[in-house]
Amino acid sequence: MARKCMWLCVFVMVIFVIFSGCMSQPANSAPERINTTPTVSPAITQLQYHRIYADAQGESHFDTVLIEQRLVSAAPPAPPLYLSDTGPATRDLFYSFEPGWYGDLHPSPSRQFLALLSGTVEVETSDGTVKQFGPGDIILLEDTSGKGHRSRNTGDGYLNFFVAQVPVA
């Protein structure tokens, strides 16, 4: 029961981070008193995620997508926060990969966002581009056809993702 409650808490926190933009604050920023005065800050009004997609020839590639946010009063009486537009999600789940896990070229089983919770992963697209990702990184897998990508758990521990499956755009 306690484990189920813990995963529910993790799920709620991840959803909040993904959809409210809390990840966009610099990691080295010092805690500050909350300012409810609307301000414009490029570091806060945009988030980014990494995208893997397949082209017409079946080759997979990386792309970076910027998400615009605006200051809104989303949860009164809490102060305003930066929020993006909503997007559809069909299912959610968690992926965990053992230390040393390696997946050779494979397409994504569905169009899905992966939010890396813990561990480190190396992903290689079929065009030969290799990127490393760590906790807090978000990847949209859209290479559901074609050659796909390779994935490798490069850390010493488990690699854990929160996954939100989304409809085909």
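Any read-out appearing in this document is the output of simple, stated calculations on the displayed coordinates, not a laboratory observation. Predicted model, so just to flag it, every value in this text is computed and none were measured. Neighbour counts are summed over all protein chains in view; Cβ atoms, including those assigned to glycine, are modelled from backbone coordinates with ideal geometry.
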- prompt: What's the extension gain from S118 to A78 if we count 0.36 nm per residue and subtract their Cα-Cα distance?
  reply: 11.5 nm
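Please give the net charge around E142, taking every other residue with its beta carbon less than 12 angstrom from that of E142, where Lys and Arg add +1 and Asp and Glu add -1.
-1
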field: Angstrom value of the Kirkwood radius, inverse mean 1/r, which spans all Cα pairs in region 65-169
entry: 15.3
query: Does region 102-155 classify as rounded, prolate or oblate by the C-alpha gyration tensor (a ≥ b ≥ c root eigenvalues; a/c under 1.5 gives rounded; else a/b over b/c gives prolate, otherwise oblate)?
result: oblate
query: Fewest to most neighbouring Cβ within 10 Å: what's the order for K131, K147?
result: K131, K147
